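Every read-out reported here was derived from the displayed coordinates using simple, explicitly stated rules and does not represent laboratory data. Here the structure is a predicted model, which means the values were calculated and not measured. Neighbour counts run over all protein chains shown; Cβ positions are idealised from the backbone, glycine included.
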Amino acid sequence: MTPSLSRTTAATCTPPRKAHAPSLFTALTIWKERRELAGLSQTRLKDIGVSSVDATREAARPVWDLPSRRG
């Protein structure tokens, strides 16, 4: 006979928390966006209101350094 959880134990166990780690798709999408940002001209950066210093800094972030929330 295999052991099973009693109703009391099963009812009081909390489900495992979902990890807040981003998906691989999200990480790759942000990596691609950073590469594209690094390739923008000064004119295009000015159009979107981003300085070249900020664009370079953002593009240099490692792939695992993701924003905590996208919106």
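Assuming a ≥ b ≥ c are the square roots of the Cα gyration tensor eigenvalues, decide whether the stretch 23-71 counts as rounded (a/c under 1.5), prolate (otherwise, with a/b larger than b/c) or oblate.
Here the stretch 23-71 falls in the prolate category.
Between Ile48 and Thr29, with labels modelled 7 Å along Cα→Cβ, what's the label distance in nm to one decimal, could you check?
1.5
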